[in-house]
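J.: Pasting a structure below so you can have a look.
The values are calculated or read from the model by the stated rules, or taken from the named source; none is laboratory data. Predicted, not measured: the structure shown is a model, and the values here were computed from it. Methodologically, a virtual Cβ is constructed for each residue, glycine included, from the backbone with ideal geometry; neighbour enumeration extends over all protein chains shown.
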Amino acid sequence: MRTPMPEQDSKERTKNFNEVAFGYDEEDAVEEANRCLNCKKPLCVKGCPVEIDISCFIRFIKEKKFKEAISKIKEKNTLPGICGRVCPQETQCEQLCILGKKGEPVAIGRLERFAADWERKKGVKIPKKIGTTDKVAVVGSGPAGLTCAAELAKLGYSVTIFESLHKTGGVLMYGIPEFRMPKAIVEAEISYIQQIGVEIKTDVVVGKSITVDELLQEYDAVFIGTGAGLPMFMHIPNENLNGVYSANEFLTRVNLMNAYKFPEYDTPVRVGQRVAVVGAGNVAMDSARTSLRLGAEQVFIVYRRSEKEMPARKEEVEHAKEEGVRFMLLINPVKIFGDEQGFVKRMECIRMRLGEPDESGRRRPLPIKGSEFTMDVDTVIVAIGQRPNPLVPKTIKGLEIGKHGNIITDEDGRTSIDAVFAGGDIATGAATVISAMGMGKKSAEAIDRYIREK
Amino acid sequence: MFKIVKKEILAENTKRFDIEAKWIAKKCLPGQFVILRIDEKGERIPLTIADFDRNRGIITIVVQEVGKTTFQLGEMNKGDEILDFIGPLGNSSEIEKFGKVICIGGGVGIAPIYPIARALKEKGNNITSIIGAKTKNLLFWEEKMKKVSDEVIVTTDDGGYGRKGVVTIPLKEILEKEKVDRVVAIGPPIMMKFAAKTTLPYKVKTIASLNSIMVDGTGMCGACRCKIGEETRFACVDGPEFDAHLVDFDLLISRQKMYLSEEKKSLERHRGEI
């Protein structure tokens, strides 16, 4: 059995935006680290997109050498406090842990988080800067961009990040809620990246304020990590009624703009009494749990497949259930109804059954004729996925783009244009923080090779 | 930080600000907009660019005080700084030689129509501008509009200045009288709606600039979604200008009212503080 994670009580926490999981203390961490067998040929590291020497950092924790533990992690990962919180470890490193065969795997993510939090409390040590004259521009300051920038800075490049929003962090700032990913942690890790020499320019919309072609006149290479910021809608009648939000808008208002502190902060958000969140990924869980915290009485996850197919992390689903989110499975919205003022009142849904597997490998949901019913709702949050944001790719002449608007790259992030690299959700479509970081890192290595060989 | 280098009171509750924003001034074109956030607790609001000076790196915006943010902005002065100023966003106006073009500016919409009229004039179009406001003291930039138009018609709802009535009255008269190749209308949604209704029977291509609620302004949130024909589009990245004959103005009007009660609360709170 793994050492339990201390958490805020589920009844208490729906009334605040504070972080749900408190994190291990030193005693918990050592206890959990002691479960690690330190395998001669550790499998866990094979599951890590950024190849952290997991076995080694856990050994340091066992020996209470916490400083050494975090240094080991940081050799490969500049955002450990973030990854320790939001990586889907259960499908990566922890899935391969040998202990998982018979019982529970070592809680690698929690240990990573512990090491990062320990260092932040003690004061982060900044390595010396090495300067070169080669300059790289990074577009977007989300997980892919931050990682790429940090890796290049460590290699001595002069790196500038261009961010379109007023705050740095991309999805870590606008998307993931405070109770799961405290902004102070994101800010601390970004501040570390700045201190190792990365310059960050916010409020610059590349493609509008300045083009990639213009950047190439000043920089030796450009990395594009602009993410999957384009919200998808259901394309059902009356989806434009007031009270129907894209999850992106809803979460951006709350997280980036602090709408949960309205009117102290100027940006409002409207949450009614009965909220339907459509979709069952992490973004849907975040939207549902945020709605509860904003005072909604009943929050429903409406999902067209069954629990087994839900794309959200198990931990997030569990947290949502504990907090009282209700799951309406095998149900799909077909139409929304509003009142005379144009606000949502009801939603018509149809029951679904699962057919043969589709191209995603999951069983395809099929509507059951005549099973339509309506539910009273006053807020609908559409969380059925995001597509790559076309704003930047559209403005680069000759850039090869895939059918979903993603930038086509090779496995090292090279695009169809010389000196232009891309990674993260803009290349892969919506995925995870860590896979974006993995690609940011690979691209940094490719950019280094490209500049040295030029 | 973005410095206010000039402030001018143009009309009742309407102020002009010149703001130092080199990158934006270098790039922006008529029809595009900026998003600003005054301070750390501020909201992001879109404002259509009213003028620009590429050499000096200056963007001009005209703000009508209606909500908390615009009133707060109105209280700012020359030398003060705005925390965030982002742009140029959206697509620029289509500037071609069309022939005879009518440019309509209603209320604060006179500001964004100005650079469009100027660019169209420079392209060799014959420009008739119709500018209108509820009352005389809400009207501004008549002289500026005269410089970029062949003719300027002024209307006020109460008849206190210029012709009495709304902008669609002279619009209809011109359409009856001569061939018009294009109409560009910027103003309150209700005005744009009726401008579109007026030109429809004459089959004159009509453009409206939609002032939807926005958050990021880069296509990420969908707050600004609008219905153009049968399609849902985002005003921030697909617009802000659209074929006015295809725009669902009633939806635009309804969506603008989404936060009416919150806006009221926010403004009252602000007034209590000052």
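J.: When region B:185-210 is examined, which residues are found to be buried (at least 24 other Cβ atoms within 10 Å of the Cβ), within 30 Å of residue A:232 (Cβ to Cβ) and more than 14 Å from chain A (Cβ to nearest Cβ)?
T.: B:192, B:207, B:208, B:209
J.: A further question follows. Exactly one of these conditions fails for residue A:390: (1) more than 12 Å from chain B (Cβ to nearest Cβ); (2) touching a residue at least 40 places away in the same chain (Cβ under 8 Å); (3) closer than 30 Å to residue B:253 by Cβ. Give me its number.
T.: For residue A:390, the failing item is (1).
J.: State all residues of region B:63-93 that are in a helix (DSSP H, G or I) and closer than 30 Å to residue B:184 by Cα; if no residue qualifies, say none.
T.: Listed by number, the residues that qualify are B:68, B:69, B:70, B:71, B:73, B:74.
J.: Can you tell which of A:197, A:225, A:207 is within 22 Å of residue A:138 (Cα to Cα) and within 11 Å of chain B (Cβ to nearest Cβ)?
T.: Answer to the check: A:207.
J.: Let me ask another. If we keep just the residues of region B:68-110 that are within 14 Å of another protein chain (Cβ to nearest Cβ), among the hydrophobic types (A, V, I, L, M, F, W, C) and under 30 Å from residue B:269 (Cα atoms), which is surrounded by the most Cβ atoms within 10 Å (Cβ to Cβ)? Give the derivation first.
T.: Going through region B:68-110, the residues within 14 Å of another protein chain (Cβ to nearest Cβ) turn out to be B:68-73, B:81-92.
This time we only want the ones that are among the hydrophobic types (A, V, I, L, M, F, W, C), so: B:71, B:73, B:82-83, B:85-86, B:89.
Then keep just the ones that are under 30 Å from residue B:269 (Cα atoms); that gives B:71, B:73, B:82-83, B:85-86.
Details: B:71: 17, B:73: 23, B:82: 21, B:83: 15, B:85: 24, B:86: 28.
The extreme case among them is B:86.
J.: List pairs: first in region B:255-271 and more than 7 Å from chain A (Cβ to nearest Cβ), second outside any helix (DSSP H, G or I), Cβ under 6 Å, 6+ apart or cross-chain?
T.: B:263/B:67; B:267/B:67
J.: Here is a check on your reading of the model: is residue B:60 hydroxyl-bearing (Ser, Thr, Tyr), touching a residue at least 12 places away in the same chain (Cβ under 8 Å) and within 11 Å of another protein chain (Cβ to nearest Cβ)? Step through it out loud before you land on a result.
T.: Numbers: hydroxyl-bearing (Ser, Thr, Tyr): yes; touching a residue at least 12 places away in the same chain (Cβ under 8 Å): yes; within 11 Å of another protein chain (Cβ to nearest Cβ): no.
No; evaluated as a whole, the condition is false for this residue.
J.: Check whether at least one residue in region A:174-191 is hydrophobic (A, V, I, L, M, F, W, C) and within 14 Å of another protein chain (Cβ to nearest Cβ), and report yes or no.
T.: No - not one qualifying residue is present in region A:174-191.
J.: Kindly check whether there is at least one residue in region A:118-139 that is in a loop (DSSP other than H, G, I, E, B), crowded, with 24+ Cβ neighbours inside 10 Å and within 14 Å of chain B (Cβ to nearest Cβ).
T.: No.
J.: As an exercise: evaluate residue A:448 against (1) more than 20 Å from residue A:207 (Cα to Cα); (2) not in a helix (DSSP H, G or I) and give the number of the one condition it does not meet.
T.: Single failed check for residue A:448: (2).
J.: Look through A:430, A:383, A:436 and report the one residue that is closer than 21 Å to residue A:137 by Cα and touching a residue at least 60 places away in the same chain (Cβ under 8 Å).
T.: Checking each option against the conditions leaves just A:436.
J.: Say whether the condition of being within 20 Å of residue A:425 (Cα to Cα), part of a loop (DSSP other than H, G, I, E, B), more than 9 Å from chain B (Cβ to nearest Cβ) and out of contact with any Phe, Trp or Tyr (no Cβ under 7 Å at 6 or more places or on another chain) is met by at least one residue in region A:249-271.
T.: no
J.: Scan (1) touching a strand residue (DSSP E or B) at 6+ places or on another chain (Cβ under 8 Å); (2) part of a helix (DSSP H, G or I) for the single condition residue A:186 breaks and write down its number.
T.: So residue A:186 meets the others, but not (1).
J.: If only one of A:444, A:419, A:427, A:436 is at pLDDT 90 or above and at positive phi, which one is it?
T.: So the residue among A:444, A:419, A:427, A:436 that is at pLDDT 90 or above and at positive phi is A:419.
J.: Pick out, from region B:103-222, the helices (runs of 4 or more DSSP H) lying fully within it that include 3 or more residues that are under 30 Å from residue B:25 (Cβ atoms). Step through it out loud before you land on a result.
T.: Numbers: elements: B:110-122, B:142-147, B:168-177, B:189-199.
Fully inside region B:103-222 and qualifying: B:110-122, B:142-147, B:189-199.
J.: Further question: Find the residue count for region A:395-418, including only residues that are in contact (Cβ under 8 Å) with a residue 40 or more places away in the chain and exposed (fewer than 13 other Cβ atoms within 10 Å of the Cβ). Working first, answer last.
T.: Initial filter on region A:395-418 (in contact (Cβ under 8 Å) with a residue 40 or more places away in the chain): A:395-397, A:405, A:407, A:413, A:415.
Filter once more, keeping what is exposed (fewer than 13 other Cβ atoms within 10 Å of the Cβ): A:397.
Total meeting the criteria: 1.
J.: Out of curiosity, is residue B:131 away from every other protein chain (no Cβ under 14 Å), over 30 Å from residue B:271 (Cα atoms), aliphatic (A, V, I, L, M) and touching an Asp or Glu at 6+ places or on another chain (Cβ under 7 Å)? Let's see the steps before the verdict.
T.: On the way: away from every other protein chain (no Cβ under 14 Å): yes; over 30 Å from residue B:271 (Cα atoms): yes; aliphatic (A, V, I, L, M): yes; touching an Asp or Glu at 6+ places or on another chain (Cβ under 7 Å): yes.
So residue B:131 fits the description; yes.
J.: Being polar (S, T, N, Q) and either surrounded by fewer than 21 Cβ atoms within 10 Å (Cβ to Cβ) or on the phi > 0 side of the Ramachandran plot (or both) is the filter here, so list the residues in region B:5-55 that pass it.
T.: Our first condition is that a residue be polar (S, T, N, Q); within region B:5-55, this holds for B:13-14, B:32, B:48, B:55.
B:13, B:55 - these are the residues of region B:5-55 that are polar (S, T, N, Q) and either surrounded by fewer than 21 Cβ atoms within 10 Å (Cβ to Cβ) or on the phi > 0 side of the Ramachandran plot (or both).
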